[in-house]
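Here's the structure we're looking at; comments come further down.
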Amino acid sequence: MQQIGDWNIYVGTKEEHQLAVTKGMKIVCALNRVNGYVTHQSVVGWSGRGCNKDSPYYLFKQTDDAIYLNMIDGENPAYVSDDMINPALEFIKSALENQEEVFIYCSLGESRSPSIALMYLLENGLIAPQNAISEFKSRYYKSYLPKRGNLEYIKNRWL
């Protein structure tokens, strides 16, 4: 679990989820499915390769303490949408305004979860769009390895 700058934003992996819950952190789950861990699939209750598109929780499910995204880490930016990301960014902002810590996690803590942290920084003017990706990696999260889908979404929306 790594803190991003001086903000109460932490990024990590699925294995660190329980520690974050124990600490009372607000949770942003950017993990659609994996056996044995808390994911969008385990919270919403779908089975198979994907959530039913008719489900009211197809893109995300939000509770008081967490938001679970049906976020696929792939090469296609179509798997990341404003309709999924905006609620996550609003959830983070609300938690931070309430002086709460936020833990954002995915499987490996390399692509989805740090991408959401970067999106939050960009959305709120906490990092300049010019060289944002290289600055984020060098200054805040050295193990940032975004998949093309996340990278293209970020570029299309903010850069």
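The values are calculated or read from the model by the stated rules, or taken from the named source; none is laboratory data. Just so we're clear, the structure is a prediction, and the values are computed from it rather than from any experiment. Counting neighbours? That spans all protein chains shown, and the Cβs are built from the backbone with ideal geometry, glycine included. With ligands, DNA and RNA removed, areas are computed over all heavy atoms of the protein, side chains included. Shrake-Rupley method; radii C 1.70, N 1.55, O 1.52, S 1.80 Å.
Overview of values
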| quantity | calculated |
| --- | --- |
| Among the residues listed as 81, 42, 94, the single one being over 25 Å from residue 132 (Cβ atoms) and either out of contact with any Asp or Glu (no Cβ under 7 Å at 6 or more places or on another chain) or among the small types (Gly, Ala, Ser) (or both) | 42 |
| Those residues of region 125-159 which are under 12 Å from residue 5 (Cβ atoms) and open to solvent by 40 Å² or more (accessible area, probe 1.4 Å), in sequence order | 126, 135, 139 |
| Odd one out for residue 118, checked against (1) in contact with a helix residue (DSSP H, G or I) (Cβ under 8 Å, 6 or more places away or on another chain); (2) farther than 16 Å from residue 10 by Cα | (2) |
| Residue 113, sole failed condition from (1) assigned to a helix (DSSP H, G or I); (2) touching a Leu at 6+ places or on another chain (Cβ under 9 Å); (3) open to solvent by 60 Å² or more (accessible area, probe 1.4 Å) | (3) |
| Breaking point among (1) at negative phi; (2) modelled with pLDDT of 95 or more, for residue 24 | (1) |
| Every pair of residues 6+ apart whose Cβ atoms lie under 8 Å, when the first sits in region 42-71 and is without any contact (Cβ under 8 Å) to a residue 40 or more places away in the chain and within 19 Å of residue 116 (Cβ to Cβ) while the second is of a type in the set (Ser, Thr, Tyr) and surrounded by fewer than 16 Cβ atoms within 10 Å (Cβ to Cβ) | 44/55; 59/81 |
| Residue within region 25-48 that is of a type in the set (Lys, Arg) and surrounded by fewer than 18 Cβ atoms within 10 Å (Cβ to Cβ) present | no |
| Residues of region 114-142 that turn out to be in contact (Cβ under 8 Å) with a residue 60 or more places away in the chain and either over 27 Å from residue 38 (Cα atoms) or touching a Gly at 6+ places or on another chain (Cβ under 7 Å) (or both), as a count | 3 |
| Residue satisfying condition, being touching a strand residue (DSSP E or B) at 6+ places or on another chain (Cβ under 6 Å) and aromatic (Phe, Trp, Tyr), within set 153, 105, 120, 140 | 105 |
| Top-ranked residue of region 71-110 - restricted to ones that are of a type outside the set (Phe, Trp, Tyr), modelled with pLDDT under 95 and assigned to a helix (DSSP H, G or I), ranked as surrounded by the fewest Cβ atoms within 10 Å (Cβ to Cβ) | 78 |
| Enumeration of residues in region 1-15 that are touching a residue at least 40 places away in the same chain (Cβ under 8 Å) and either surrounded by fewer than 18 Cβ atoms within 10 Å (Cβ to Cβ) or more than 12 Å from residue 107 (Cβ to Cβ) (or both) | 1, 2, 4, 5, 7, 8, 9, 10, 11, 13 |
